[in-house]
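Here is the structure we will look at.
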Amino acid sequence: MRLPRPATPSRPKYWMHNKRGIEMSAQDNKDIIEKGYAAFAAGDLETVMSLFDDDVEWVQPGESAVSGTFHGKAEVMEHLGRLAEKSLTVKMDRLIADGDTVVALTDVTVGGETSRDADVFTLRDGKTVHVHVHGDTSMMERIFGKKQLAAG
């Protein structure tokens, strides 16, 4: 005796809504990151910050004075401010997206030196929730100095 097959649920009428929230296409996510780089280049930090989730996490690797993991918009804004003190400019060269991950290949100039970076963004519901910078950590140490270790 064959059991009846369960009915296959139909695709939701609005495919972009799911349990996680709004599902964005890879192209949508690239557009958000591109908007952020354009706003940063124009000095429009209000737009830049509007593209971050309230609980964003930003990882800046290395041992420079500006290295660390920054949590939330306030810490990220403070971090970007410290970077800007040395005339930071970022020129986006290319964006590569796969689902909710976008990689930005950039030319970063700070303190008169230039390097190539790959910034990895994770987005959810149209906002950036995580940033991990992959760049020249030794350049950042030369420009910003090394972290001071607390006396123990």
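Brief remarks on what is shown
- A viscosity of 1.567 mPa s and a temperature of 4 °C, combined with the Kirkwood radius over Cα pairs in Stokes-Einstein, give a translational diffusion coefficient for the range 22-144 of 90 µm²/s.
- Evaluated over the range 22-144, the count of Lys pairs having alpha-carbon atoms less than 19 Å apart is 6 (only pairs 8 or more residues apart or interchain).
Taken together, the values in this text are just the output of simple stated rules run on the coordinates, not laboratory data. This one's a predicted model, so the numbers in the text were calculated from it and none came from an experiment.
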